[in-house]
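**Student:** Have a look at this one.
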Amino acid sequence: MRQVEVARTNVLGAPLSRLTEKWRFLFVCLETRSCCAAQAGLRLTTTCLSLRGTGIADWETEAQQLMGAAQVHPERQWWREDLNLVSFPCLEPSVAPQCPWEAVAMEGAQSEPFYRVSPLLQSWALSQVAGTTVFLKCENVQPSGSFKIRGIGHFCQEMARKGYRHLVCSSGGNAGIAAAYSARRLGLPATIVLPEATSQQVVRRLQGEGAEVLLAGKVWDDANLRAEELAQRDGWVNVPPFDHPLIWEGNASLVRELQASLGAPPGAVVLAVGGGGLLAGVAAGLLEVGWQHVPIIAMETRGAHSFHAALEAGRLVTLPDITSVAKSLGAKTVTAQALVCARQCHILSQVVEDAEAVSAVQRFLDDERMLVEPACGAALAAIYSGLVGQLQAEGRLCPSLASIVVIVCGGNNINSQQLQALQTQLGQSGGSRAV
Ligand code: PLV
């Protein structure tokens, strides 16, 4: 066997990019069809085998010798779990996803959750504003940049176990990134459907995860129709961003972490509501740990206030359009489960203006040096706009709260330029706030 330089072609790039980092690969580089992992951006140890001018039969013999007691699959792939070594001949990407080593990699990927236990940080600045201790549950540091990986990761793992072979997810951005990340970890292909105005930054991130990106319609509801159509295909499954019990079950993990860190229940939990998956998960978690008496302050922006409208009407309401800049909160109709939660838990639904959400984003950046998107700004505005104090003054919230937990849901739909553009659009002066 000769070691050869990894070639700069990408014959196997697509399927490889979806493998876990556990595996080392043994490659065969045939004269005309060399292959590599480097281009797929993988941090993998690769062993290359050059068989210039020889046929597949020779390769098989040589690889077999090297692999020794490997498990062999009839389609000529070998793997040795003890060495974390997988070998295969050159295959076209269309053939590769059915390789047995993906099944092996998937096994490992399926057993552990994809989310991280996120930090719970006490915020001096927000505590000053609120007049009580404010804890930040920092979901912005999740591997997908938002809390979405909790529910979506759980859902995707379950679907992979059930044998689905392709994930499709409609999203305002963050659910899609969570689904694409999960797909990569599971060794499955993913198609993410987003509204047409989605930023290039999000599209690039999704492509970087190896997902196919489709743009459809003006708002998430339009993209969702397209995703539901695609999910009819054989072996495909729709990953709902917020409306499924598995999503709520995954999101509930957040409350178990709060219980482990805080011990005693907080005085209130503040969160943002889009389609209501985070709300449903937190409500389920509170019930699970016996904290259902803890008030949930459910924040929305005007123009994406489908939960508030539903509570007022006493039934689900479909908003005519999403006019808020917080596009990640932009589901025209909230999940029916949100109304169930409103009966099970103590929920205070509040609506802020876009300007308040965006100014909360800027203040949070200045105070905590973390940049989050307006969807998360809606939650932070509960503190910065003095809503908590107002609810206390109105007697709707206890005047002496033990602490407040703000779920910093995060989000990828933001960068410094986008923040400036939002501020200009809303007539704000940008980062020029007096210090
Ligand atoms: N965003 C979904 C739905 O968009 C998505 O596709 O990404 N905070 C952030 C940063 C979010 O991305 C979302 C949802 C929420 C809050 C609200 O969560 P939900 O939908 O579970 O209430 C249309």
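The values are calculated or read from the model by the stated rules, or taken from the named source; none is laboratory data. If you're wondering where the values come from, they're calculated on a predicted model, not measured in any experiment. So basically every Cβ, Gly included, is an ideal-geometry build from the backbone, and we count neighbours across all protein chains shown. The accessibility values were calculated without ligands, DNA or RNA, using every heavy atom of the protein model including side chains. Shrake-Rupley method; radii C 1.70, N 1.55, O 1.52, S 1.80 Å.
**Student:** With a probe of 1.4 Å, find how much accessible area the stretch 150-217 has per residue, and write the answer as a whole number in Å². All intermediate terms of the calculation are to be shown ahead of the outcome.
**Tutor:** Numbers: 2140 Å² over 68 residues.
Heavy-atom SASA per residue in the stretch 150-217 reads 32 Å².
**Student:** Please report the accessible area of M370 (heavy atoms, 1.4 Å probe, ligands and nucleic acids excluded) in Å², nearest 10.
**Tutor:** Rounded to the nearest 10, the figure is 30 Å².
**Student:** Additional query: Determine the dipole magnitude for the stretch 274-375: charges of +1 sit on the beta-carbon of Lys and Arg, -1 on that of Asp and Glu, nothing else is charged, the reference point is the Cα centre, and the result goes in debye to the nearest 20.
**Tutor:** Roughly 360 debye for the stretch 274-375.
**Student:** Okay, next question. Just to be sure I understand the model, the point goes 7 Å from the Cα along the line to the Cβ. What's the resulting S429 to T318 distance in nm?
**Tutor:** 4.4
**Student:** While we're looking at this one, here's another question. Largest first, how would E373, E112, E158 line up by accessible area (1.4 Å probe)?
**Tutor:** Listed by decreasing accessible area, they come as E112, E158, E373.
**Student:** Counting only protein heavy atoms and a 1.4 Å probe, tell me what percentage of the stretch 146-282's accessible area is made up of carbon and sulfur.
**Tutor:** Result for the stretch 146-282: 48 percent of the exposed heavy-atom area is carbon or sulfur.
**Student:** Under the Kirkwood approximation applied to all pairs of distinct alpha-carbon atoms, what is the hydrodynamic radius of the stretch 120-213 in Å?
**Tutor:** Evaluated on the stretch 120-213, it is 14.4 Å.
**Student:** Right, next: Kindly report the accessible area of the stretch 315-435 per residue (heavy atoms of protein chains, probe 1.4 Å, no ligands, DNA or RNA), in Å².
**Tutor:** Per-residue accessible area for the stretch 315-435 comes out at 42 Å².
**Student:** Could you put R343, R315, R184 in order of accessible surface area, largest first, with the 1.4 Å probe and the full protein assembly present?
**Tutor:** So, going from the largest accessible area down, we get R343, R315, R184.
**Student:** Then there's this: Using a 1.4 Å probe on the protein chains only, how many percent of the accessible area of the stretch 385-431 belongs to carbon and sulfur? Spell out each step's value before the answer.
**Tutor:** Working: 1070 of 2230 Å².
Percent of accessible area from carbon and sulfur atoms in the stretch 385-431: 48.
**Student:** Run the numbers for E229 and A393: contour at 0.36 nm per residue of separation, minus the present Cα-Cα distance, in nm.
**Tutor:** 54.1 nm
**Student:** Sticking with this one: Dipole size in debye (nearest 20) for the stretch 124-165 around its Cα centre, Lys and Arg Cβ +1, Asp and Glu Cβ -1? Don't jump to the answer; show the numbers that get you there.
**Tutor:** Details: 6 positive and 2 negative charges, 59 e Å.
The calculated dipole for the stretch 124-165 is roughly 280 debye.
**Student:** What does the charge dipole of the stretch 150-201 about its Cα centre add up to, to the nearest 20 debye, if the Cβ of each Lys and Arg holds +1 and the Cβ of each Asp and Glu holds -1?
**Tutor:** 280
**Student:** What is the calculated FRET efficiency for D366 to A260, with r their C-beta to C-beta distance and R₀ = 25 Å, to the nearest 0.05?
**Tutor:** 0.25
**Student:** May I ask you to compute the full-extension gain from Q344 to S400, defined as 0.36 nm times their residue separation minus their alpha-carbon distance, rounded to one decimal in nm? Could you put the intermediate results ahead of the total?
**Tutor:** Numbers: separation 56, 0.36 × 56 = 20.16 nm, distance 2.34 nm.
The Q344-S400 span can extend by a further 17.8 nm.
**Student:** Multiply the residue gap between R161 and S127 by 0.36 nm, knock off their C-alpha separation, and tell me the result in nm, one decimal place.
**Tutor:** That pair, R161 and S127, stretches by 7.9 nm at full extension.
**Student:** Taking all protein chains together and a probe of 1.4 Å, list R396, R204 from the most accessible to the least accessible.
**Tutor:** If we order R396, R204 from most to least accessible, we get R204, R396.
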